[in-house]
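K.L.:
Below you'll find the structure I mean.
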Amino acid sequence: MRPSAHPWLPGVHPSQAADEPDLYDVENDAVDPGRLIESAMWAIAPWTDRIVLDLGCGTGYHLPRFAEAARHVIGVEPHAGLRLRAMRRVVDEGLSNASVLLGAAEAVPLGDHSVDIVHARFAFFMGPECAPGIAEVRRLLRPGGTFFVIENDYREGRFADWLRRSWRPGFDADADDAFWRDQGFGCTSIPSEWRFTRRRDLEAVVRLEFRQYADALLAEHEGLNVDYRYRLLHRTVT
């Protein structure tokens with residue numbers, strides 16, 4: 001994975017999506033096909049006529065969905081290739097109520113108390129090292145605004161098993177839960193899945209996410225779906 005092209009931006013992590021953006025969109029097509037994550041978010045904090053920040057927006061995959069109801073949606077992305085694709089998506093879909101900016105989780109180019117909803121999906125906010133980003137989001141949110149973090153569940157589902165056996169052996173889920181509680185976040189568990197239409201797409205995405213572990217994981221898994229439980233972390237400021 002390549003380093004950030006902007007070393008002066010604090011808190012930028014390398015991105016697998018930046019290496020293979022086309023495949024990243026294939027993965028997004030398969031993630032949570034029933035949109036259970038968005039339904040759970042909506043039940044907590046609807047974004048009708050509100051300002052939404054998609055922090056670490058990648059290729060801008062979720063911008064059109066937010067733009068359907070939001071007053072304005074702002075994507076922030078540090079990686080140039082992903083950001084340009086997000087900008088192209090905004091233009092191609094004619095999203096007059098969407099913008100894409102260069103920035104990072106610890107350095108968002110927006111004013112204090114300027115947004116109502118912040119959405120961060122598998123981007124930066126993973127454990128205690130993300131505290132500076134949480135502080136930045138607190139600066140950005142208006143009173144009554146809500147911060148959503150979508151992360152992996154490490155306890156249940158085939159995807160969780162794959163994570164524990166590959167990238168995160170010995171991961172302390174209890175300690176991670178305690179960190180988020182201490183930061184004032186609630187947590188909603190969402191049982192969902194990856195659902196692909198072609199086996200070759202599933203295999204390509206597993207190789208993107210799991211690299212040297214992929215062949216062993218794929219050898220034991222048949223079909224097009226993968227059980228995948230998500231954690232929706234959420235905090236509303238007062």
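K.L.:
In region 121-153, which residue that is closer than 28 Å to Leu110 by Cβ and part of a loop (DSSP other than H, G, I, E, B) is modelled with the highest pLDDT? Talk me through it step by step, then tell me what you get.
P.N.:
The first filter runs over region 121-153 and keeps only residues closer than 28 Å to Leu110 by Cβ, leaving 121-152.
Still in the list and also part of a loop (DSSP other than H, G, I, E, B): 122-127.
Numbers: Phe122: 90, Ala123: 84, Phe124: 79, Phe125: 79, Met126: 78, Gly127: 76.
For region 121-153, the residue satisfying everything is Phe122.
K.L.:
Related question: Taking region 196-219 as the region of interest, how many residues are out of contact with any Phe, Trp or Tyr (no Cβ under 7 Å at 6 or more places or on another chain), over 17 Å from Arg168 (Cα atoms) and either without any contact (Cβ under 8 Å) to a residue 24 or more places away in the chain or among the hydrophobic types (A, V, I, L, M, F, W, C) (or both)?
P.N.:
Adding up the residues that qualify gives 8.
For (1) free of Cβ contacts under 8 Å to residues at least 60 places away in the same chain; (2) closer than 18 Å to His234 by Cβ, each residue gets a yes or a no:
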site: Arg50; (1), (2): no, yes
site: Leu82; (1), (2): no, no
site: Arg85; (1), (2): no, no
site: Gly94; (1), (2): yes, no
site: Val118; (1), (2): no, yes
site: Ala123; (1), (2): no, yes
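K.L.:
While we're looking at this one, here's another question. Looking only at region 58-106, count every residue that is under 21 Å from Arg139 (Cβ atoms) and of a type in the set (Lys, Arg) and tell me the total.
P.N.:
Result for region 58-106: 1.
K.L.:
I'd like the residue in region 165-184 that is aromatic (Phe, Trp, Tyr) and within 14 Å of Asp153 (Cα to Cα) and, out of all such residues, is surrounded by the fewest Cβ atoms within 10 Å (Cβ to Cβ).
P.N.:
Trp167
K.L.:
Give region 162-187 a look and list any residue that's assigned to a helix (DSSP H, G or I) and among the basic types (Lys, Arg), or say none.
P.N.:
Matches in region 162-187: Arg164, Arg165, Arg181.
K.L.:
Let me spell it out: the conditions are (1) buried (at least 21 other Cβ atoms within 10 Å of the Cβ); (2) closer than 22 Å to Ile44 by Cβ, and Arg139 meets all of them except one. Which number is the exception?
P.N.:
(1)
K.L.:
Which of the residues belonging to region 204-221 are closer than 19 Å to Pro33 by Cβ and surrounded by fewer than 17 Cβ atoms within 10 Å (Cβ to Cβ)?
P.N.:
Passing the criteria: only His221.
K.L.:
Can you tell me which residue is surrounded by the most Cβ atoms within 10 Å (Cβ to Cβ) among those in region 190-200 that are charged (D, E, K, R) and within 20 Å of the chain's Cα centre (by Cα)?
P.N.:
Top of the filtered list is Glu193.
K.L.:
Return the only residue of Arg89, Arg181 being at pLDDT 90 or above, within 23 Å of Thr59 (Cβ to Cβ) and of a type outside the set (Ser, Thr, Tyr). Can you show your working first?
P.N.:
Working: Arg181 fails: within 23 Å of Thr59 (Cβ to Cβ).
Answer to the selection: Arg89.
K.L.:
Follow-up. Is there a residue being at pLDDT 95 or above and not in a helix (DSSP H, G or I) anywhere in region 199-215?
P.N.:
No; the residues of region 199-215 include none that is at pLDDT 95 or above and not in a helix (DSSP H, G or I).
K.L.:
Kindly check whether there is at least one residue in region 154-161 that is out of contact with any Ser or Thr (no Cβ under 9 Å at 6 or more places or on another chain), under 24 Å from Val118 (Cβ atoms), without any contact (Cβ under 8 Å) to a residue 40 or more places away in the chain and not in a helix (DSSP H, G or I).
P.N.:
Yes, there is a match, as at least one residue in region 154-161 is out of contact with any Ser or Thr (no Cβ under 9 Å at 6 or more places or on another chain), under 24 Å from Val118 (Cβ atoms), without any contact (Cβ under 8 Å) to a residue 40 or more places away in the chain and not in a helix (DSSP H, G or I).
The values are calculated or read from the model by the stated rules, or taken from the named source; none is laboratory data. Predicted, not measured: the structure shown is a model, and the values here were computed from it. Note that we place each Cβ from the backbone using ideal geometry, even for glycine, and neighbour counts take in every protein chain shown.
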